1. Please work out how much accessible surface CYS59 shows to a 1.4 Å probe, ignoring ligands, DNA and RNA, in Å² rounded to 10.
2. Mind putting a number on the dipole of segment 79-146 about its Cα centre? Charges go on the C-beta only, +1 for Lys and Arg and -1 for Asp and Glu, and I need it in Debye to the nearest 20.
3. Give me the three principal axis extents of segment 50-154 from the C-alpha atoms, as integers in angstrom, largest value leading.
4. Tell me the accessible surface of GLU46 in square angstrom (1.4 angstrom probe, heavy atoms of protein chains only), to the nearest ten.
5. Please report the orientation-averaged projected area of segment 22-70, defined via the convex hull of its C-alpha atoms, in nm².
6. At q = 0.12, 0.18, 0.23 Å⁻¹, what is the log10 ratio I(q)/I(0) for segment 50-108, with the Debye formula run over Cα points and no solvent?
Amino acid sequence: MRTELVLTCCCLLSSMPAVSSTIVVRRANVTLTSGAAVKAACKKVETACTRFDAVELYCDCALTKGRWTPRVRIEVQPRMYITSLDYVSHEFSHIFDFKFAMEHHADGIEAHSFETYLGCDSFLGETRAGFTNVLLEFRRDSMMRRDHQQTAGR
């Protein structure tokens with residue numbers, strides 16, 4: 001019989017400074033479970049991991065002071081799988097890295113402005129197309145920073 005404890009944690013996220021209102025990190029779903037279940041959920045380790053599910057990038061263009069500027073909203077649902085409560089703070093550090101990286105990415109997008117709507121919309125098309133690479137770069141950077149290891153293929 002497999003026993004799982006699902007916790008909803010928000011205390012660490014609510015204490016993070018709100019640099020930008022464009023990033024929505026939902027409360028982390030934390031599952032305390034076996035090593036085999038952690039490996040099944042995350043494919044690599046048996047102790048603890050955090051998945052970032054349902055990552056959505058929303059972009060549109062707004063006319064501001066006669067120029068078209070991108071507006072960005074990024075949403076994510078973090079899911080932690082842990083074999084011990086000892087891993088929670090480490091896994092929250094990956095969530096902090098995600099929020100920080102996405103704030104930086106959104107700020108970079110929103111720093112642009114265009115004379116025409118079509119120019120702005122074209123830029124956002126390129127931005128959407130490259131978002132998967134942004135997520136892969138975040139994953140690589142966070143794993144190097146927190147776990148001192150590279151992801152596969154890097």
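The values are calculated or read from the model by the stated rules, or taken from the named source; none is laboratory data. Since this is a predicted model, take the numbers as computed values, not measurements. Note that we place each Cβ from the backbone using ideal geometry, even for glycine, and neighbour counts take in every protein chain shown. Just the protein is used for accessible areas: all its heavy atoms, side chains included, with ligands, DNA and RNA removed. Shrake-Rupley method; radii C 1.70, N 1.55, O 1.52, S 1.80 Å.
1. We get 20 Å² for CYS59.
2. It comes to approximately 360 debye.
3. Here the Cα extents, ordered largest to smallest, are 54, 27, 19 Å.
4. We get 100 Å² for GLU46.
5. Working: hull surface 19.3 nm².
Taking the Cα atoms of segment 22-70, their convex hull projects to 4.8 nm² on average.
6. One equal scatterer on each Cα of segment 50-108 leads to -0.41, -0.70, -0.93.
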